[in-house]
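Asker: Could you have a look at this structure, given as structure tokens, before my questions?
None of the figures in this text is laboratory data; all of them are computed from the coordinates on show. Everything quoted here is computed from the prediction, not taken from an experiment. Here Cβ is always computed from backbone atoms with ideal geometry, including for glycine, and neighbour counts include all displayed protein chains.
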Ligand SMILES: [Zn+2]
């Protein structure tokens, strides 16, 4: 599959079925890199620290998925949400230009799910991407943020990088990508998906701005080709 | 008696204008119509009882003064500043200096929404001490706002904090200073010698006060808990950086004017050249470089073109206000305060009338009221009076829905004007009132 991808040139615009097939074949490591490259602090994180944070985030998401299955049994995210003190609010949309908002979790317990992108995506009638399936993927991701907010010992909250120091003061910060990677992995495992939940990113973007979606797609293929991520972590 | 009737009609047209602005109709045409109504009313008044302001002037002289001299006088000194300010704004965008500064500030603050938001606001304010025009505002907004959103700051807070920082920066902005000072000089010629350098200290204080007020309100109205957005960014974080020694370009025009006493336009040109030289934009042959400059100037001019149209019709209105002033004096002349403390209190209380292009706003219908105030206080020192009018103009105006970029922001960030005004009106009023007090403390003794 990867060999087939690598022969594709930039100006060939694939139809959506090809795009989905290609995206489904991408390994976990590529999606982690994709998320990491979008972090505001990416320029301040060296390759070693980056690898450490990504590995830690993957473990964090995986562990939580296993623990959740143990405590609650294997139930879908939507049922889990019902058992927890969470409020799910459907909102219309907060999409601006090239930033498409899918959902927001706000402490202590509010999950907003934006309906407009979901409506647009379901209108495409893609197999496997009906409203229920999309909602489960999104809810699981937001559930991670809920669990994370409940426990300050989560890897995504304890792992920090130092940005600068002045005398004895060390200015440290968490890295948002760590939390997002862990949330992606959690949703991936909890929903037992054979592809990354982040495929939604590209598909939603496709609904608003096919050009931008195509750019992201090319970027992902390039990441896969460069093998920046470790191919062994492919599940 | 006829003066009072004309005065009442003028005030009625005034109220109409406020309604017109609140409705969001075109301001360029609106102010042209207002200039015409006021000129006609003043001509009628003069025909009944000759007014001193029209003494020895034929109808043609009056028309000339309003429709020709108004825009011409205005253009000679201000418009050029606006054009070069806009050019400089384009330079900062095209060289990537503004974007680099913003990224560096985010890397300084890290994943701490309140801290990083505050740092971004400070940088935005500094940038807008010398930048002008809706183009640069949009270019900066599309960098800053998505960063704030991805840090989990809600859209209404993010938009308010961003627009509020621009407002703060504009209090110390050279181009805006020239713009309002020129109008002031129209009613008080002695103020001609009052320069940006004289204004600089109070301008900086105003910027700091505005920033502090905006940040306090943004922080207080922000949700307590942390927020995570699942948002799709179509672009990875940028990595191209402008070198550190180019960053100073952002404040070079101000430094040039304040420290070296350079003319403002030369300050913009030299700073623009420095910014381009330090970011490798002066490479290539002569004609390539010329083309680059021409393009930056053209793009900048396009950014401010809609504003220019408005400013020219506003200049007509300002000159019409000269003729209308005696009729306002007939009605409110007796109640215009003449002591420093009374002026301070009245201005502080009336700051909200600077919103919606209201009567306390130089780029609104304020010139009529300011003309009356200046007529009633002919010897008032400009160091005291000008900053007061700046306080009631700059703070409300740059948080106002009639400000082109604020209106743009509502559409861009999907924020309702109600959500925005909940924060912007208190912010404008509080900043303005605090500044009135500071101006009184610093310059009140001159009166
Ligand atoms: Zn998330």
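Asker: Taking every eigenvalue of the Cα gyration tensor of the protein assembly as shown, multiplying by 5 and rooting it, what semi-axes result, largest first, whole Å?
Answerer: On the way: eigenvalues 594, 136, 109 Å².
Output for the protein assembly as shown: semi-axes of 54, 26, 23 Å.
Asker: Something else now. Taking chain B as the reference, fit the longest principal axis to its C-alpha atoms, fit the long axis of helix B:155-171 to the helix C-alpha atoms, and give the angle between the two in degrees, 0 to 90, nearest 10.
Answerer: Helix B:155-171 and the main axis of chain B meet at about 60 degrees.
Asker: How far is it, in nm, from the label point at residue A:70 to the one at residue A:89 when both lie 7 Å from their Cα along the line to the Cβ?
Answerer: For residue A:70 paired with residue A:89, the spin-label model returns 3.5 nm.
Asker: Order of A:168-178, A:38-48, B:367-377 by packing, highest average Cβ count within 10 Å first? Walk me through the numbers on the way to the answer.
Answerer: Details: A:168-178: 17.8, A:38-48: 16.2, B:367-377: 23.2.
Packing proxy ranking, top to bottom: B:367-377, A:168-178, A:38-48.
Asker: Out of the DSSP beta bridges found with both residues in the protein assembly as shown, what percent are antiparallel (nearest 5)? Working shown, then result.
Answerer: Numbers: 18 of 23 bridges.
The answer is about 80 percent antiparallel.
Asker: For the residue pair residue A:43 and residue A:171, what label-to-label distance in nm results when each label sits 7 Å from Cα along the Cα-to-beta-carbon direction?
Answerer: Inter-label distance under the simple model: 1.4 nm.
Asker: Round to a whole angstrom and tell me the spacing of the C-alpha centers of region B:134-205 and region B:251-296.
Answerer: Each part reduced to its Cα centre gives a spacing of 21 Å.
Asker: Would you mind checking region A:109-128 for residues with the amide N under 19 Å from a putative spin-label position 7 Å along Cα→C-beta of residue B:414?
Answerer: Within reach of a label on residue B:414, which here means backbone N under 19 Å from a point 7 Å along Cα→Cβ, region A:109-128 contributes A:110-124.
Asker: Could you give me the radius of gyration and the Dmax of chain B, taking only the C-alpha atoms into account and expressing both in angstrom?
Answerer: Rg then Dmax for chain B, in Å: 22.3, 71.
Asker: Using helices alone, I'd like the mean residue ellipticity at 222 nm for chain B: each DSSP H run of four-plus residues gives -39500 (n - 2.57), total over residue count, nearest 500. Could the numbers behind the result be given before it?
Answerer: Working: 19 runs with 314 residues, N = 447.
Computed mean residue ellipticity for chain B: -23500 deg cm²/dmol.
Asker: Taking each residue in B:103-112, count the Cβ atoms of any other chain within 10 Å of its Cβ, then average. What number comes out? Mind dumping the intermediate values first?
Answerer: Numbers: counts 3, 1, 0, 5, 8, 5, 5, 14, 14, 5.
Neighbouring Cβ atoms belonging to other protein chains average 6 per residue here.
Asker: Using a 10 Å cut-off around each Cβ of peptide B:219-229, what is the average number of partner chain Cβ atoms that fall inside? Before the final figure, lay out each step's value.
Answerer: Numbers: counts 0, 0, 0, 0, 3, 3, 7, 9, 7, 17, 13.
Mean inter-chain Cβ contacts per residue within 10 Å come to 5.
Asker: Would you mind checking the tilt of helix B:97-109 against the longest principal axis of the Cα atoms of chain B, expressed as 0 to 90 degrees and rounded to 10?
Answerer: Orientation of helix B:97-109: about 70 degrees from the principal axis.
Asker: May I ask you to compute the full-extension gain from residue B:270 to residue B:331, defined as 0.36 nm times their residue separation minus their alpha-carbon distance, rounded to one decimal in nm?
Answerer: Length difference between fully extended and current span is 17.0 nm.
Asker: Just need the relative contact order of chain B here, percent rounded to a whole number, with Cα pairs under 8 Å and 6+ apart. Before the final figure, lay out each step's value.
Answerer: Numbers: 638 pairs, mean separation 113.2, N = 447.
25 percent.
Asker: Quick one: Debye curve from the C-alpha atoms of region B:198-347, no solvent, what's log10 I(q)/I(0) at q = 0.13 Å⁻¹?
Answerer: -1.13
Asker: Using just the helices of chain A, give the 222 nm mean residue ellipticity in deg cm²/dmol: DSSP H runs with n ≥ 4 each add -39,500 (n - 2.57), and the total is spread over all residues, rounded to 500.
Answerer: Values: 11 runs with 133 residues, N = 235.
Computed mean residue ellipticity for chain A: -17500 deg cm²/dmol.
Asker: If you count, for every residue in A:28-38, the Cβ atoms of partner chains within 10 Å of its Cβ, what is the mean?
Answerer: Numbers: counts 0, 0, 0, 0, 0, 1, 1, 2, 2, 5, 8.
That average works out to 2.
Asker: Once you treat every alpha carbon in chain A as an equal point and sum by Debye, what is log10 I(q)/I(0) at q = 0.09, 0.14 Å⁻¹?
Answerer: -0.39, -0.95
Asker: With an 8 Å Cα cut-off and a minimum separation of 6 or more residues, compute the relative contact order for region A:2-233 in percent. Walk me through the numbers on the way to the answer.
Answerer: Working: 275 pairs, mean separation 72.5, N = 232.
So the answer I get is 31 percent.
Asker: Using only Cα atoms and rounding to the nearest 10 degrees, what angle (0 to 90) does helix B:27-48 make with the longest principal axis of chain B?
Answerer: 10
Asker: Here's a follow-up. Mind jotting down the distance between the C-alpha centroids of region A:108-174 and region B:19-91, whole Å?
Answerer: With region B:19-91 and region A:108-174 each reduced to a Cα centre, they are spaced 55 Å.
Asker: Continuing with the same structure: For region B:1-104, what does the relative contact order come out to in percent, with C-alpha contacts under 8 Å and a separation of six or more?
Answerer: Working: 27 pairs, mean separation 24.9, N = 104.
Computed value for region B:1-104: 24 percent relative contact order.
Asker: Something else about it: What distance in nm separates the two pseudo spin-label positions at residue B:291 and residue A:24, each 7 Å out from Cα along the beta-carbon direction?
Answerer: For the pair residue B:291/residue A:24, the computed spacing is 4.9 nm.
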